[in-house]
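Colleague: Structure incoming, see below.
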Amino acid sequence: MEEEDRPSSATPAPPRKHAGDTPPGGLTREEYDELRGTIDAHHRYDLSPGQCSSLMVQRVNAPAEAVWSVVRRFDRPQVYKHFIKSCRLLGGPVQVGCLREVTVISGLPAATSTERLDVLDDARRVFGFSIVGGDHRLRNYRSVTTVSEVARGGRIWTVVLESYVVDVPEGNTEDDTRMFADTVVRLNLQKLASIAQSISKEARPHESEEDGVFLVNQLADGKGL
C-alpha cells in the first residue's frame, strides 16, 4: 500500500445525477471503468417522488478482505459507525432477513432504529440493510455497501461504495436530508478506513483471513485495537 499516492477519502456522489458514461464524484475514470458493473448492479435507484439518494466513495489503503471483515458484521455496526451506542440481534443468527435494534447516542434526532439485513454476499462483498422501524425520521431508508479491491501500477487499494435511498421528511428539503445522511455516512466510512488499515497493519504476512476476522472480533468486543 502507498498511502501518499492513494489517500483515504470519502466523497459524496449522487447516483442518479451523473450521466451514464461520467464517473461519479470521487472516482477516477480508471476506477469507474473497473467498478461500473458494481455501480450499475447495486448503486442505482429509481426514485419515487419525495425521495433522495446519494453514493459515497471511500478509498482504503488496506486489502479488501480487511475492509469486508468489518463491513459484514451486521451484529456489530458500532465498531465503525460513530453514532451507534449499542446493537442487539432480535433473535436468530446473522442471515438475510434477520433484524437488529440499534441504540443511537444522545444528541441526535433519533433514539432507536430497527434494521433488516437485506444482502450479505461474501463472494461479491456486498452488504445491504433497510430501516424498518424505530424512533427516528429516516423512513424507507435502504443502504447498500460494496467493497472492491483495485490494482494499478503495482499498487493495491480498496474502494468502498455506500449508497442509500430515503424519504425526505416532512418539513425538510431534499438537500437538507442528503446533507445530513451524507455527513453520517462519510464519518462512518472514514472510521471504517482507519480500522481496516489498523487491522491490515496488525496482520502478519503469514496470517490467514481467519486471523483477520479474529482481530475484528477482538475489536468488536472492546479488546485489542
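The values are calculated or read from the model by the stated rules, or taken from the named source; none is laboratory data. Since the structure is predicted, the reported quantities are computational estimates derived from the model, not experimental observations. When we count neighbours, we look across all protein chains shown, and the Cβ atoms used for this are built from the backbone with ideal geometry, even at glycine. Note: areas computed on protein heavy atoms with side chains; ligands, DNA, RNA excluded. Shrake-Rupley method; radii C 1.70, N 1.55, O 1.52, S 1.80 Å.
Colleague: Order 151-159, 53-61 from most to least packed using the mean count of other Cβ atoms within 10 Å. Walk me through the numbers before you get to the answer.
Modeller: Working: 151-159: 15.1, 53-61: 24.8.
With the highest mean Cβ count within 10 Å placed first, the list reads 53-61, 151-159.
Colleague: With a Förster radius of 22 Å, plug the Cβ-Cβ distance of Asp135 and Gln95 into 1/(1 + (r/R0)^6) and report the FRET value to the nearest 0.05.
Modeller: Working: r = 26 Å, r/R0 = 1.17.
For R0 = 22 Å, the calculated efficiency reads 0.30.
Colleague: Listed highest first by mean packing, meaning other Cβ atoms within 10 Å per residue, what order do 91-102, 64-75 come in? Mind dumping the intermediate values first?
Modeller: Details: 91-102: 13.0, 64-75: 22.4.
Averaged packing, sorted descending, gives the order 64-75, 91-102.
Colleague: Whose amide H sits under 5 Å from the amide H of Val126, counting only residues 5 or more places off or on another chain, with H placed in the peptide plane?
Modeller: The answer is Asp121.
Colleague: Take the Cβ-Cβ distance between Lys191 and Arg124 as r, set R0 to 22 Å, and report the resulting FRET efficiency rounded to the nearest 0.05.
Modeller: That gives a FRET efficiency of 0.40.
Colleague: Related question: In whole Å, largest first, what are the principal axis extents of the Cα atoms in segment 74-152?
Modeller: 43, 30, 23
Colleague: Measure out, as a whole number of angstrom, how far apart the alpha-carbon centroids of segment 80-112 and segment 22-50 sit.
Modeller: Going from one Cα centre to the other spans 28 Å.
Colleague: Another question, then. Would you kindly state how much longer the chain becomes between Ser48 and Lys201 on full extension, computed as 0.36 nm times their sequence separation minus their alpha carbon distance, in nm to one decimal? Don't skip to the end; give the middle numbers.
Modeller: On the way: separation 153, 0.36 × 153 = 55.08 nm, distance 4.38 nm.
That pair, Ser48 and Lys201, stretches by 50.7 nm at full extension.
Colleague: Follow-up. Under a plain spin-label model, where a point goes 7 Å from the Cα along Cα-to-Cβ, how far apart in nm are Leu108 and Arg155?
Modeller: Modelled inter-label distance: 3.3 nm.
Colleague: Take the Cβ-Cβ distance between Arg88 and Arg142 as r, set R0 to 25 Å, and report the resulting FRET efficiency rounded to the nearest 0.05.
Modeller: Working: r = 21 Å, r/R0 = 0.86.
The computed FRET efficiency comes out at 0.70.
Colleague: On average, how much accessible surface per residue is there in segment 84-139, in Å², for a 1.4 Å probe, leaving out ligands, DNA and RNA?
Modeller: Numbers: 2980 Å² over 56 residues.
Ligands and nucleic acids excluded, the figure is 53 Å² per residue.
Colleague: Where does the charge balance sit around Gly97 when Lys and Arg score +1, Asp and Glu -1, over other residues with C-beta under 9 Å from its C-beta? Can you show the working numbers first?
Modeller: Numbers: positive: Arg116; negative: Asp118.
Around Gly97, the surrounding residues sum to 0.
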